[in-house]
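To start, the structure itself, in structure tokens.
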Amino acid sequence: MSEAKIYPALATFQQKVPKIDLDGEVQTKAYKFKYATLANILDKTKTAMDEAKMGVTQFVAKDVLVTRVFSSEDGSFIESQIPIPVGGDPKNVGGSITNFRRYCLTAMLGIAGEEDKDAPEAAPRRR
């Protein structure tokens, strides 16, 4: 299928989407960072996606998470697939799926969903 309308829709979306609040935080002894929760990302992008006439679906097919961003006008889409860990503790698998959903969604939509710890201001200063 052609990707005819999804790229213009994605460009429109990126102009309309508001800044995504970093409403989650991870803190361990080694590091601390903020991120946008999946629920927050979905909530903040809903209106801009509707205005851009696009949608998103995410599903697990066997051991792969599929993320599809599509045009509601002609059905054209872009898709990402990433293997997910299976087996073991269901809570850990579920947590992995949620994290992969966040990462894939923000990457495909071209939005920031977490602090940029690789940015120059986050790096230690040299003396």
Output the residue which, of all residues in region 73-86 that are touching a Ser or Thr at 6+ places or on another chain (Cβ under 9 Å) and not in a strand (DSSP E or B), is surrounded by the most Cβ atoms within 10 Å (Cβ to Cβ).
SER76
Extreme residue, farthest from LYS5 (Cα to Cα), among residues of region 49-72 that are surrounded by fewer than 14 Cβ atoms within 10 Å (Cβ to Cβ) and of a type in the set (Asp, Glu):
ASP63
Quick one: PHE13 ticks every box in (1) over 20 Å from SER72 (Cβ atoms); (2) in a helix (DSSP H, G or I); (3) over 13 Å from the mean Cα position of the chain (by Cα) bar one, so which box is it?
(1)
Write out, first by first residue and then by second, each pair whose Cβ atoms fall under 7 Å of each other, whose residues are 6+ apart or on separate chains, and whose first residue, in region 38-49, is closer than 12 Å to ILE20 by Cα while the second is among the acidic types (Asp, Glu).
ASN40/ASP21; ASN40/ASP23
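Give region 16-38 a look and list any residue that's over 18 Å from LEU105 (Cα atoms) and either of a type outside the set (Asp, Glu) or within 15 Å of the chain's Cα centre (by Cα) (or both), or say none.
VAL26, GLN27, THR28, LYS29, ALA30, TYR31, LYS32, PHE33
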Filtering region 87-127 down to residues that are at pLDDT 90 or above, among the aliphatic types (A, V, I, L, M) and open to solvent by 60 Å² or more (accessible area, probe 1.4 Å) yields ALA107
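The values are calculated or read from the model by the stated rules, or taken from the named source; none is laboratory data. Owing to the predicted nature of the structure, the values given are computational and were not obtained by experimental measurement. In this analysis, Cβ positions are derived from the backbone assuming ideal geometry, glycine residues included, and neighbour counts consider all displayed protein chains. Side chains included, ligands, DNA and RNA excluded: accessible areas come from the protein's heavy atoms. Shrake-Rupley method; radii C 1.70, N 1.55, O 1.52, S 1.80 Å.
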